[in-house]
Every structure is written in structure tokens, then in C-alpha cells.
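Student: What follows is a single structure, and I will ask about it in a moment.
Quick note: the coordinates plus some simple rules give every number you see, no bench work behind them. Fair warning: this is a prediction, and the values are worked out from it, not measured in the lab. FYI the Cβ positions are ideal-geometry reconstructions off the backbone, even for glycines, and counts take in every protein chain you see.
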Amino acid sequence: MSEAVAQSLSEELFALLQKERFMTLGTIDHESGAPSLSSLSWVYAPTQEKIRFAVDNRSRIITNINQNPQVVLHLIGAGSSYAINGTAKLAVERLEEIPLKLAMVEITIESVRDVMFYGSRISVEPQYEKTYNKAAAEKLDTQVMEALRKA
């Protein structure tokens, strides 16, 4: 069976990325050359061809991307598991009006693959909760997501 590959997000995946969502990001470590995996939540798709995320601007993710811009995002949703490959770039070194030193990375999507193993589907999507002050978390999340939308 051949694997279906798209060059952009489907309408359903695009809709999932209009609000904060748990995803993982694979980069190549700039020191070891080995794969590196990170978890993200401030992720937003401005179009079906691009995905933005916010991360601490001192993060190893930034250094890895500057060294090797090829990345993969892993999205669990819409009943399946997706690998979104693309080229990343540091788009904004410091997001304005955010109390933390956050950078914005933008990924140009090259391929979207359904990577769920044969004969199965995701029945429960990953969930998480913020473990610090809920009001502060909600305020920060709103600020960051708005900054990703406006950039």
C-alpha cells in the first residue's frame, strides 16, 4: 500500500492548529548530530502551508534550527498521527508585548504524512494541564497565541 503524502495541511488539520495544541518537534542536535525531540504547545498555522510556534529564545531548538533547518512536527489529532516535515527559520527573535523572552519560528511545510500504524486510529487525543497559576497561564497563553497570529 502506498503512503499518501500531501504538501500542505488538510482543512481538518488546519482547523486543529488555530488554537494552542500539544505537538512534538524533531530537530537535529547541533552538537551531536543526533535526532532531538521537544514538546510544544504554542503552535499556530497562519495558512495551510505554514506553521508557527513560540519558544524561549535561548532554547536549544533555535540553535538546532540555525544549524540545520530541516524539522518534523508530530501532530496527534483527527483520529490519526501525522508527521509534518518542513524547513524552519527564526522569524522573530523576540516577540513584542510578551513578558517572557520568546522567539517565533516559522516552518514552511514540505510534506504531511499520516504515520499511524496499519489498522488503527487514535481514540483519545493527548491532553495536558498547566501546573502553575491558572489565571497567569491563561493570560500568557492568550498573549502568545495572539502574537503568533499577528506576526
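Student: Give the residue list of trypsin sites (Lys or Arg not before Pro) in segment 83-137 that are DSSP loop and have at most 15 other beta-carbon atoms within 10 angstrom. Show your work: numbers first, answer last.
Tutor: Numbers: sites: Lys89, Arg94, Lys101, Arg113, Arg121, Lys130, Lys134; in loops: Arg94, Lys101, Arg121, Lys130.
Passing sites in segment 83-137 are Arg94, Lys101, Arg121, Lys130.
Student: While we're looking at this one, here's another question. For the chain, what does the relative contact order come out to in percent, with C-alpha contacts under 8 Å and a separation of six or more? Don't jump to the answer; show the numbers that get you there.
Tutor: Working: 298 pairs, mean separation 38.4, N = 151.
Relative contact order for the chain comes out at 25 percent.
Student: What are the extents of the Cα atoms of segment 5-150 along their three principal axes, listed from largest to smallest and rounded to whole Å?
Tutor: For segment 5-150, the Cα spread along each principal axis is 45, 36, 27 Å.
Student: Then there is this: Going by alpha carbons, how many degrees (0 to 90, nearest 10) lie between the helix axis of 134-150 and the longest principal axis of the chain?
Tutor: Roughly 70 degrees, rounded to the nearest 10.
Student: With loop defined by DSSP as not H, G, I, E or B, and exposure as at most 10 other Cβ atoms within 10 Å, which is the longest segment of the chain clear of exposed chymotrypsin sites (Phe, Trp or Tyr not before Pro)?
Tutor: Details: sites that count: Phe117, Tyr118, Tyr128, Tyr132.
Free of exposed loop sites, the longest segment is 1-116.
Student: Scan the chain and report its longest stretch carrying no GluC sites (Glu not before Pro) that are both in a DSSP loop and have at most 13 other Cβ atoms within 10 Å. Before the final figure, lay out the partial values.
Tutor: Working: sites that count: Glu3, Glu31, Glu93, Glu96, Glu97, Glu129.
The answer is 32-92.
Student: Using a 10 angstrom cutoff on alpha carbons, build the Gaussian network for the chain and name the most mobile of Val92, Val124, Val115.
Tutor: Result: Val124 has the largest fluctuation of those listed.
Student: How about segment 5-66: which trypsin sites (Lys or Arg not before Pro) there lie in a loop by DSSP and see at most 16 other Cβ atoms within 10 Å? Write down the numbers at each step before the final one.
Tutor: Values: sites: Lys19, Arg21, Lys50, Arg52, Arg58, Arg60; in loops: Lys19, Arg21, Arg58.
Passing both the DSSP loop test and the Cβ count: Lys19, Arg58.
Student: Say a paramagnetic label sat at a point 7 Å from the Cα of Ser39, along Cα to Cβ; which residues of segment 125-151 have their backbone N under 13 Å from it?
Tutor: 126-132
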